[in-house]
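What follows is a short report on a single structure.
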Amino acid sequence: MSLERGRVLAVDPGEKRIGLAISDPTGTIANPLLVLKHVSRIADAANIVQIAREWGVVEIVIGQAVELDGMPGVMGRKAQRLAEAIRSQTEIPVILWDESGSTQTARNARKKMGVKQSQRRGHMDDLAAAVILQSYLNSRDSIFPVEEG
């Protein structure tokens, strides 16, 4: 786990789309960034690395689905392979993070924000990535609290 503060990029890998979220420069607040169309693992990794470089991120967090027994499921193993492909293309640290429930949390957030049901049907990959990222940032801050001054 890196102690360096800076922007963190989160990735919510899916079958058809990949949601991305980015933190603010202090690595405190997550924001949805964009959705990429899944092409291939190597091409997806290259796109993610390029975006990470453009934004000057210090860490990349990949959402990984885990089963009830704590082991990665099918999508979790795909996330591991994507993480390996990203690691092969950059020196930026890549962390796998439990993404369980991130899409449902994103759906609930849209509902609480008053988004009409008809508008909640679209993809939420970037919002799910923001949920994953905020979870990671909050966890990191509980281990390494941000000094206030």
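Here are a few things to note about the model shown:
- Qualifying residue in region 17-36 (condition: more than 11 Å from the chain's Cα centre (by Cα), exposed (fewer than 15 other Cβ atoms within 10 Å of the Cβ), closer than 15 Å to L82 by Cβ and at pLDDT below 95): no
- Matching residues, region 35-51, being in a helix (DSSP H, G or I) and of a type in the set (D, E, K, R): R41, D44
- Total residues in region 120-142, condition modelled with pLDDT under 75, under 20 Å from L20 (Cα atoms) and loosely packed, with under 13 Cβ neighbours inside 10 Å: 2
- Residues of region 41-88 classified as more than 19 Å from I132 (Cβ to Cβ) and buried (at least 16 other Cβ atoms within 10 Å of the Cβ), total: 1
- Condition met for A10 (more than 13 Å from V94 (Cα to Cα) and either modelled with pLDDT of 95 or more or assigned to a helix (DSSP H, G or I) (or both)): no
- Taken together, the residues in region 52-64 that are within 13 Å of the chain's Cα centre (by Cα) and either assigned to a helix (DSSP H, G or I) or of a type in the set (S, T, N, Q) (or both) amount to 2.
- Index of the failed condition, I60 passing every other in (1) farther than 20 Å from D98 by Cα; (2) in contact with a helix residue (DSSP H, G or I) (Cβ under 6 Å, 6 or more places away or on another chain); (3) not small (G, A, S): (1)
- Conditions (1) of a type in the set (D, E); (2) loosely packed, with under 15 Cβ neighbours inside 10 Å; (3) under 13 Å from the mean Cα position of the chain (by Cα): number failed by D12: (2)
- Residue count, region 82-105 (criterion: at pLDDT 95 or above, in contact with a helix residue (DSSP H, G or I) (Cβ under 6 Å, 6 or more places away or on another chain) and not hydrophobic (A, V, I, L, M, F, W, C)): 2
- Scanning region 53-79 for residues that are out of contact with any Asp or Glu (no Cβ under 9 Å at 6 or more places or on another chain) and modelled with pLDDT of 95 or more turns up R53, E54, W55, G56, V57, I60, V61.
The values are calculated or read from the model by the stated rules, or taken from the named source; none is laboratory data. All values reported here derive from a predicted model rather than from experimental measurement. Because the Cβ atoms are built from the backbone with ideal geometry, glycine has one as well, and the counts that use them run over all protein chains shown.
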